[in-house]
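Here's the structure we're looking at; comments come further down.
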Amino acid sequence: MDTRALEVSLLNAKSLCVFTGAGVSQESGIPTFRGENGLWKQFRAEDLATPEAFERNPQLVWEWYAWRRELIHNAQPNAAHRALAQIESALSMKSDGRFTLITQNVDGLHQRAGSQNIILLHGDIWVLRCSACDFQRRDESVPLHPLPPICPACRSLLRPGVVWFGEPLPSADWTDATHAAEAADVFLVIGTSALVYPAAHLPQLAKQHGAQLIEINPERTALSSLADLFIQGKAAEAFASIQIHIE
Ligand code: NAD
Ligand code: ZN
């Protein structure tokens, strides 16, 4: 894997926007939705991460989330998460430097690695929110009791604080993400199949506004032909091989 061109782009970036998907956490042991080990029991993610699935069988959906919470709880950020946090602090030393991390991940590993300016486009698996009222709380307990959890305010079911397939993105976060994409001179996409819209529009938007588009993924995706630089490889391996000294 040749990562010299990536190193040069990161070194020269003034406004860097990074967009991550499930692939950035794969080397931490968190399964992606569409890759190997993407199935839980015999179910596909697309059949569990929906409002309809929750309505039909909240217990089943919660068992899947409980399993994922446990996996994440036992996982650690990898070299890619850590490098992104370092790049952010290095860029913040530059007077005109700007860094935004937009993630589709709900696992919190970027935050645990120290990333600060982060947009959680698809929510946060550690947040529980009521399916009926405005109640929400952060709860990192593993295992969760009871399952499914109940709203203390109205006794309805609590649901995971994530965005399910078919649901709109939080509008303020989407606005912030589009602004960051438009302002970027380098837009780095890591570990996303770029199939989930509207999130997958962001790289195209950045490119239309003049950003250099870089992609890191072991497989080619719908974005790869649009990318100015495609690094075929795993995220943590790619970052482990580059030196980050931004002056
Ligand atoms: P996806 O499962 O559709 O695609 C994963 C992508 O990562 C694939 O293109 C794959 O080739 C690539 N990949 C696999 N291993 C990699 C590695 N080591 N380094 C770099 N790339 C690697 O995931 P998606 O595009 O993020 O979209 C699915 C949705 O699933 C998102 O909305 C996200 O919220 C959710 N999700 C989140 C998590 C998490 O929080 N860790 C995990 C699974 C799914
Ligand atoms: Zn409630």
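The values are calculated or read from the model by the stated rules, or taken from the named source; none is laboratory data. Just so you know, these numbers come straight off a predicted model, no measurement behind them. Please note: Cβ atoms are built from the backbone with ideal geometry, for glycine as well, and neighbour counts cover all protein chains shown. Surface areas here come from the heavy atoms of the whole protein model, side chains and all, with no ligands, DNA or RNA. Shrake-Rupley method; radii C 1.70, N 1.55, O 1.52, S 1.80 Å.
Taking K and R as +1 and D and E as -1, what net charge do the other residues with C-beta under 13 Å from the C-beta of S25 add up to?
Values: positive: R68, R82, R112, K234; negative: E27, D107.
Its environment carries a net charge of +2.
Just need the relative contact order of the range 7-138 here, percent rounded to a whole number, with Cα pairs under 8 Å and 6+ apart. Numbers along the way, then the final one.
Details: 152 pairs, mean separation 35.0, N = 132.
Worked out over the range 7-138, it gives 27 percent.
At 1.4 Å probe size, put S9, S193 in order of accessible surface, largest to smallest.
Of S9, S193, the descending order of accessible area is S193, S9.
What's the FRET efficiency of K14 with Q204 using the Cβ-Cβ distance as r and R₀ = 22 Å, to the nearest 0.05? Write down the numbers at each step before the final one.
Values: r = 21 Å, r/R0 = 0.96.
E between K14 and Q204, to the nearest 0.05, is 0.55.
Can you compute the modelled spin-label distance between I242 and E52, with each label point 7 Å from Cα toward Cβ, in nm?
Here the modelled spin labels are 4.1 nm apart.
N74: net charge of surrounding residues, Cβ under 15 Å, Lys/Arg +1, Asp/Glu -1, itself excluded?
Result for the local shell: -1.
First select every other residue whose beta carbon is under 11 angstrom from the beta carbon of A180; then total the charges, Lys and Arg +1, Asp and Glu -1.
-2
Taking Cα centroids, how far is the range 40-118 from the range 178-247 in Å?
17 Å
Could you tell me what percent of the accessible area of the chain is made up of carbon and sulfur, with a 1.4 Å probe and every protein chain present?
Using a 1.4 Å probe with all protein chains present, the chain comes out at 49 percent carbon and sulfur.
Tell me the relative contact order for the chain as a rounded percent, counting alpha carbon contacts under 8 Å between residues six or more apart.
27 percent
Determine the calculated [θ] at 222 nm for the chain from helices alone, applying -39500 (n - 2.57) to every DSSP H run no shorter than 4 residues and normalising by the residue count; nearest 500 deg cm²/dmol.
-9000 deg cm²/dmol
For the range 176-247, build the charge dipole from Cβ charges (+1 Lys, Arg; -1 Asp, Glu) around the Cα centre, then report which of P218, I242, V186 sits farthest towards its positive end.
P218
Starting from the Cα of R4, step 7 Å along the direction of its Cβ; do the same at L195; then give the gap between the two resulting points in nm.
The modelled label-to-label distance comes out at 3.6 nm.
State whether the chain is rounded, prolate or oblate according to the following rule on the C-alpha gyration tensor (a ≥ b ≥ c being the square roots of its eigenvalues): a/c under 1.5 gives rounded; otherwise a/b larger than b/c gives prolate, and the remaining case gives oblate.
prolate
Please work out how much accessible surface R138 shows to a 1.4 Å probe, ignoring ligands, DNA and RNA, in Å² rounded to 10.
So the heavy atoms of R138 present about 130 Å² to solvent.
Can you tell me the FRET efficiency between E70 and S156 if r is taken as the Cβ-Cβ distance and R0 is 30 Å, rounded to the nearest 0.05?
0.75
For a test of the definition: using alpha carbon positions, the gyration tensor, and the 1.5 limit on a/c, classify the range 187-228 as rounded, prolate or oblate.
Oblate, because a/c is 1.5 or more while a/b does not exceed b/c.
Given 0.36 nm per residue, what is the gain on full extension from R34 to S95 after removing their alpha carbon distance, in nm? Don't jump to the answer; show the numbers that get you there.
On the way: separation 61, 0.36 × 61 = 21.96 nm, distance 4.03 nm.
This chain segment gains 17.9 nm when fully extended.
GluC sites (Glu not before Pro), restricted to the range 1-91: which are DSSP loop and have at most 11 other Cβ atoms within 10 Å?
E36
I'm checking a number: the convex hull volume of the Cα atoms of the range 145-247, normalised per residue, in Å³. What is it?
On the way: hull volume 19.8 nm³, N = 103.
Spelled out: Cα convex hull of the range 145-247, divided by residues, is 192 Å³.
Mind putting a number on the dipole of the chain about its Cα centre? Charges go on the C-beta only, +1 for Lys and Arg and -1 for Asp and Glu, and I need it in Debye to the nearest 20.
360 debye
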